[in-house]
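Encoded as structure tokens, the structure appears first; notes follow it.
The values are calculated or read from the model by the stated rules, or taken from the named source; none is laboratory data. Keep in mind it's a predicted model, so treat the numbers as computed, not measured. In this analysis, Cβ positions are derived from the backbone assuming ideal geometry, glycine residues included, and neighbour counts consider all displayed protein chains. Ligands, DNA and RNA are stripped out before the accessible areas are found, and what is left, the full protein with its side chains, is counted by its heavy atoms. Shrake-Rupley method; radii C 1.70, N 1.55, O 1.52, S 1.80 Å.
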Amino acid sequence: MSHGSIGRNLFTAGPRRRGSLAAGGIGEYRDPGLELYRFHLRLWAAAAIVLAAFAVLLGRFAYLQVVQHGYYSTKAEDNRISVVPVPPNRGLILDRNGVVLARNDSAYTLEVDPRRVGDLDALIDEIATVVEIQPRDRKRFRKLLDETKGADSLPIKTRLGDEEVARFAAQAFRFPAVEIKARLYRHYPFGAVGSHVLGYIGRITERDLERLEADGVAANYKGTDFIGKTGVEQSYERELHGVTGSARVEIDANGRGVRTLSSVPPVAGNALQLTLDIRLQQVAERAFGDYRGALVAIEPATGGVLAFVSKPGYDPNLFVEGIDPQSWDALNSDPDRPLNNRALTGAYPPGSTFKPFMALMALELGKRTPDFTISDPGFFSLPGQTHRYRDWKVGGHGAVNLHKSIVISCDTYYYGLANDTDIDRLHAFLSQFSFGARTGIDVKGEHTGLLPSRKWKMQRFKQRWFAGDSISVGIGQGYNLATPLQLAHATNVLANNGVVYRPHLVREVVDARSGERRAIEPEPIATLKLNPRWISLVKTAMVDVTRPGGTAARAGAGAGYTFAGKTGTAQVIAIKQTEKYDEKKIDERHRDHALFIAFAPAEAPRIALAVLVENGGHGSATAAPIARIVLDYYLLGKLPDRPPALDPTAEDEG
């Protein structure tokens, strides 16, 4: 082969070889520079991604550690430390002599956090293997669970004994949602005595929370389970509650406290000293025996309430831990209605106790003079009518002037007086004594009673006022309604010669921090423009009510002081004019109510009172003897040897 042919062969073979390489032949050719470039490119891209990722992590780290340091430090601290509210001790309630009426007793309670429990019944069954859980405990727990939605702690067992505390503490690891807490429990050492005055406390409900939030004080009730529900406990809640404190507590993984790091102590509630005399209250309640009724006694010089009775009462201690369903049902189904505050909300016809105020009105308005005399035949008829309005005494009282009309309680005299007096003028005068209006006493829930007028009847019945409507009003019947508190207040105004004090139960508030005493309204709020001569005439007649010849002569016999009074009887059911009222033939709950008002000593009154005995018959027979016991104790320190013999069937005046 020639050199020329070899060269041609090499020349022509070259392209085919390159093609073969391109096709992936064994002898493939690679460009090292290009490959290196591509490798470096991938390397830098990966490095950039890694650096970017580290930059993001570093930035996030810096953000969390520097910018958000305070926030997450607080969060971490919150996981370790819990700020726990520390409820204050509730203020004491004392009577006028310093006797404690409501205090706080310490005790241990077993409490469940229902938010951390799936099957409550199973948990309670398990708890019962360690500590006795009675059926009433279960029912009360369920009742509380329904009433306090979202509560973080509810008692399943209260007032644990030392042995029970030790036994559960040894098994506490089995119950992460249950713990023993030391609590202060409200205690009323006199039980049912004065229950309607003091009221009671109960667990805070959703409605209570809404009211607290509306008042802007909900924050001060953090950690507090109880609040005043009725009586002084409710009306003076702000004074009694105090100021909630706080504690920073280190907690473990289970949420249990390990140690207290710091604290702001709570401020105890202020103490209240009442005008009430608890010994007098006891005497008054005991004097009622088995009768239902009410008594209110007031100190004329200040308006302070000395005794405030509503019989029967109830034991407020039942409500402190959350009343069990059986006790609640028993109180609500009791026909004697022990939860009803008769003195504050009971509205009754005042009966003949209304007559001294009618007599004073007659003198002030010029409708009668002291010498004006009627001849009482035992009934009254409107001119031109044959219908007779009976006097309580068959055959009448003969000649009767104003003085005698009070002493013997002549109905006929007041029938005529009411007929001669425009009802609106009567309303205007007697409303000055708080008839038909609230007295303004410092507890909530007072009822207004009723003192009728033309406007009232038109609004209520869409009818005009008739002459016959006035007749019954004149003797405290008809549309007339008054609470025992109103009667006592009106009597107090009369005893004070027209000086009006607002009745009040709290005499002083004792500051928990300084011990400073703040008096409550000892000043008069008004003075009625009354003629002293007319007041004296009415008061003199009321004194003679308690002397021989008067309707309360038996109640006044042998008293070591002079006292003024007026008996009253109020019908419960209507009796036909042709029928004679016979209590022995009438169901006990349909018998007349008995009333009595009084003040003593008559010349310088130290106490004024009103007594109501439901279905007690005549005021002279049942209400007046109760008043005498109260007056004897308050003025003389004298206690009866035995309960009075109350006879509702006695034939004296009503």
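Please list, or write none, the aspartates and glutamates whose alpha carbon is within less than 12 Å of the alpha carbon of Lys404, excluding same-chain residues fewer than 8 places away.
Asp371, Asp376, Asp544
Report ³J(HN,Hα) in whole Hz for each residue of region 560-570, in order, from the Karplus equation J = 6.51 cos²θ - 1.76 cosθ + 1.60 where θ = phi - 60°; Gly and Pro get x.
Rounded to whole hertz, the list is x, 7, 9, 9, 9, x, 7, 7, x, 9, 10.
What is the Cα centroid distance between region 48-63 and region 453-487, reported in whole angstrom?
Here the answer is 89 Å between Cα centres.
Residue-wise, which Karplus ³J(HN,Hα) couplings in Hz belong to region 507-519, taking 6.51 cos²θ - 1.76 cosθ + 1.60, θ = phi - 60°, and x for glycine or proline?
Rounded to whole hertz, the list is 8, 9, 10, 9, 5, 5, 7, 9, x, 5, 9, 10, 6.
Using a 1.4 Å probe on the protein heavy atoms only, what accessible surface does Trp328 show? Give it in Å² to the nearest 10.
Accessible area of Trp328: about 90 Å².
Select from Tyr633, Ile81, Ala552 the residue farthest towards the positive end of the dipole of the chain; place +1 on Cβ of Lys and Arg, -1 on Cβ of Asp and Glu, and compute about the Cα centre.
Sorting the options by dipole projection puts first Ile81.
Relative contact order for the chain: what percent, with Cα pairs under 8 Å and sequence separation of 6 or more?
Averaging sequence separation for qualifying contacts and normalising by length gives 13 percent for the chain.
Distance check, please: which entries in Lys444/Lys638; Lys367/Lys529; Lys139/Lys311; Lys566/Lys638; Lys311/Lys638; Lys367/Lys539 exceed 26 angstrom between their Cα atoms?
Violating the 26 Å Cα-Cα cut-off are Lys444/Lys638; Lys139/Lys311.
Taking every DSSP beta bridge that has both residues in the chain, what percent is antiparallel when rounded to the nearest 5?
For the chain, the DSSP antiparallel bridge percentage is about 95.
Using only the heavy atoms of the protein chains and a 1.4 Å probe, how would Met358, Met458 rank by accessible area, largest first?
The residues order as Met458, Met358, largest area first.
Please work out the C-alpha center-to-center distance from region 516-556 to region 102-181 and express it in whole Å.
Here the answer is 56 Å between Cα centres.
Calculate for the chain the 222 nm mean residue ellipticity that helices alone would give, adding -39,500 (n - 2.57) per DSSP H run of length 4 or more and normalising by residue count, nearest 500 deg cm²/dmol.
Result for the chain: -10500 deg cm²/dmol, rounded to the nearest 500.
Less than 13 Å Cβ to Cβ from Tyr501, Lys/Arg counted +1 and Asp/Glu -1: what total charge do the surrounding residues give?
Here the count lands on -2.
Using r as the Cβ-Cβ distance of Ser106 and Ser333, and R0 as 30 Å, what FRET efficiency do you calculate, to the nearest 0.05?
Efficiency for this residue pair is about 0.30.
Where a ≥ b ≥ c are the square roots of the eigenvalues of the C-alpha gyration tensor, would you call region 443-595 rounded, which needs a/c under 1.5, or, failing that, prolate if a/b is larger than b/c, or oblate?
The shape class here is prolate.
Once you have a ≥ b ≥ c as the square roots of the Cα gyration tensor eigenvalues for the chain, tell me rounded if a/c is under 1.5, and otherwise prolate or oblate according to whether a/b is larger than b/c.
prolate
Students sometimes get this wrong: rank Arg513, Arg248 by accessible area, probe 1.4 Å, all chains present, largest first.
Per-residue accessible area, sorted high to low, gives Arg513, Arg248.
Taking square-rooted eigenvalues a ≥ b ≥ c of the alpha carbon gyration tensor, is region 82-274 rounded, prolate or oblate, where a/c under 1.5 means rounded and, failing that, a/b exceeding b/c means prolate?
Prolate.
Residues with beta-carbon under 13 Å from that of Asp290, excluding Asp290: net charge, scoring Lys, Arg +1 and Asp, Glu -1?
Computed value for this residue: -1.
At 1.4 Å probe size, put Val84, Val249 in order of accessible surface, largest to smallest.
Greatest to least solvent exposure: Val84, Val249.
Calculate, for Lys529 and Val86, the FRET efficiency according to 1/(1 + (r/R0)^6) with r their C-beta to C-beta distance and R0 45 Å; round to the nearest 0.05.
For R0 = 45 Å, the calculated efficiency reads 0.20.
Taking Cα centroids, how far is region 341-419 from region 301-334 in Å?
Comparing the Cα centres of region 341-419 and region 301-334, I get a distance of 38 Å.
When you count, for each residue, the other Cβ atoms within 10 Å and take the mean per peptide, how do 130-136, 541-547, 332-338, 442-448 rank with the highest first?
The peptides rank, most packed first, as 541-547, 442-448, 130-136, 332-338.
Mind putting a number on the dipole of region 82-274 about its Cα centre? Charges go on the C-beta only, +1 for Lys and Arg and -1 for Asp and Glu, and I need it in Debye to the nearest 20.
Dipole about the Cα centre, nearest 20: 220 debye.
Please report, in debye to the nearest 20, how large the charge dipole of region 455-512 is about its Cα centre when each Lys and Arg carries +1 at its beta carbon and each Asp and Glu carries -1 there.
480 debye
Might you report the magnitude of the Cβ-based charge dipole of the chain about its Cα centre, with Lys and Arg at +1 and Asp and Glu at -1, to the nearest 20 debye?
That gives the chain a dipole magnitude of about 2020 debye.
Which of Pro350, Ala46, Leu363 sits closest to the plus end of the dipole of the chain, meaning its Cα is farthest towards the positive end, when Lys and Arg get +1 and Asp and Glu get -1 on the C-beta?
Sorting the options by dipole projection puts first Ala46.
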